[in-house]
1. So which residues in the range 173-189 are within 10 Å of ligand 1 (Cβ to nearest atom) and small (Gly, Ala, Ser)?
2. Which numbered condition in (1) farther than 28 Å from residue 192 by Cα; (2) in contact with a helix residue (DSSP H, G or I) (Cβ under 9 Å, 6 or more places away or on another chain) is the only one that residue 246 fails?
3. Looking only at the range 245-271, how many residues end up being surrounded by fewer than 17 Cβ atoms within 10 Å (Cβ to Cβ) and of a type in the set (A, V, I, L, M)?
4. Just name the residue that is farthest from ligand 1 (Cβ to nearest atom) out of those in the range 233-277 that are within 15 Å of residue 137 (Cα to Cα) and in contact with a Lys or Arg (Cβ under 6 Å, 6 or more places away or on another chain).
5. Looking at 189, 152 in this structure, which one is under 14 Å from the mean Cα position of the chain (by Cα) and not aliphatic (A, V, I, L, M)?
6. Taking the condition of being farther than 20 Å from residue 178 by Cβ, away from ligand 2 (no atom under 16 Å from the Cβ) and without any contact (Cβ under 8 Å) to a residue 60 or more places away in the chain, how many residues in the range 70-110 meet it?
7. How do the helices (runs of 4 or more DSSP H) wholly within the range 76-184 filter down when requiring 3 or more residues that are closer than 17 Å to residue 210 by Cβ: which remain?
8. Considering only the range 111-149, state which residues are closer than 30 Å to residue 70 by Cβ and away from ligand 2 (no atom under 16 Å from the Cβ).
Amino acid sequence: MLIKNRGEIPYSEVTPKSLYLNRRRFLRGAAAGVAALAGRFSQEILSPSIRAQAGNKLSGVVKGPFGTDEKVTPFDDVTHYNNFYEFGTDKEQPAELAKNFRTHPWSVSVEGEVKKPKVYDMDAIAKMAPLEERIYRHRCVEAWSIVVPWIGFPLNMLLKQVEPTPKARFVAFQSLYDPKQMPMARWAGISFPYVEGLRLDEAMHPLALLCVGMYGETLPNQNGAPVRLVVPWKYGFKSIKSIVKIRLVESQPPTTWNLAIPREYGFYSNVNPDVDHPRWSQARERRLGEFLKRKTLAFNGYGDQVAQMYSGMDLMKNF
Ligand SMILES: Nc1nc2c(c(=O)[nH]1)N[C@H]1C(S)=C(S)[C@@H](COP(=O)(O)O)O[C@H]1N2
Ligand SMILES: [Mo]
């Protein structure tokens with residue numbers, strides 16, 4: 001299925017929904033202050049072509065499996081409370097500082113232990129499989145959570161296409177790192193490019209989503225445009241944003257948060273209310289917009305689908 005905006009326009013040619021975005025920012029700016037607003041507006045007007053393709057309607061999206069019927073978190077919360085350390089460590093910063101992030105042209109190199117390595121542009125990715133909407137719970141390791149209608153297709157469709165060799169046991173993912181566009185990154189306290197990894201069976205699991213949109217639209221920059229991972233049974237940091245490289249490998253790849261603080265963040269990072277973070281409890285979580293905390297579910301509530309991948313493993317050790 002194509003990502004379409006009025007007819008058969010390729011993904012790379014959809015035009016920014018600038019009027020709508022301008023209005024949004026206007027309303028936001030009114031609260032944020034007139035000076036900031038003026039800056040924003042002049043940027044909008046002066047650089048329409050470098051603006052990303054966030055906010056374009058995705059058509060032909062079918063309802064996917066595994067959806068929750070929990071209340072979807074408001075779009076405004078999910079787009080203004082972000083972890084995207086390349087664009088600053090405060091939750092409100094990515095929405096502002098990723099505004100002019102260039103997400104086209106964009107390509108993703110799929111390489112390593114595969115028979116058919118290939119560099120995909122966004123068009124090829126968007127056309128690879130029917131786009132599905134999947135409403136997943138997302139649980140950040142910081143004990144907040146959201147419910148998001150993601151749009152994408154199972155990562156396994158891409159992986160099958162490149163034909164993993166028998167040596168492939170893990171999948172390593174890498175985000176774009178462009179210090180020029182991400183000047184705040186050097187203060188983030190973690191190293192870039194952001195890298196993540198999954199065991200091959202985890203990556204092949206039908207719940208693992210290669211995500212190109214949310215709320216009916218292409219991904220906002222701050223949520224990982226133009227393509228990210230969504231792994232709903234793991235803590236949010238496994239869901240790597242703005243992917244440029246996917247490498248199939250023989251041994252367990254390094255991952256950003258494990259490199260930064262190995263005592264606190266393991267490779268597996270399955271949501272587990274019984275294993276506390278060394279500095280806080282993981283038993284409960286706050287759903288954005290709600291006051292009272294709720295219980296965190298094992299594997300974020302996806303245990304029926306995924307628990308058997310970890311049978312026989314000590315999940316206290318393999319946190
Ligand atoms: N490249 C990159 N990917 C990233 C992060 C990041 O800082 N950089 N943060 C992670 C964390 S901690 C979370 S909780 C989710 C947040 O995704 P969201 O902003 O779409 O809710 O993105 C993950 N992916
Ligand atoms: Mo997170």
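Bear in mind these aren't lab numbers, they're just calculated from the coordinates by the rules spelled out. Just so you know, these numbers come straight off a predicted model, no measurement behind them. Virtual Cβ from ideal backbone geometry, glycine too; neighbours counted across all protein chains shown.
1. Correct list: 175, 185, 188.
2. (1)
3. So the answer is 3.
4. Once the filter is applied, the top-ranked residue is 270.
5. Values: 189 fails: under 14 Å from the mean Cα position of the chain (by Cα).
After applying the criteria, what remains is 152.
6. Total meeting the criteria: 1.
7. Helices (runs of 4 or more DSSP H) meeting the threshold: 122-127, 155-162.
8. Pass one, the range 111-149, residues closer than 30 Å to residue 70 by Cβ: 125-126, 128-149.
Matches in the range 111-149: 125, 126, 128, 129, 130, 131, 132, 133, 134, 135, 149.
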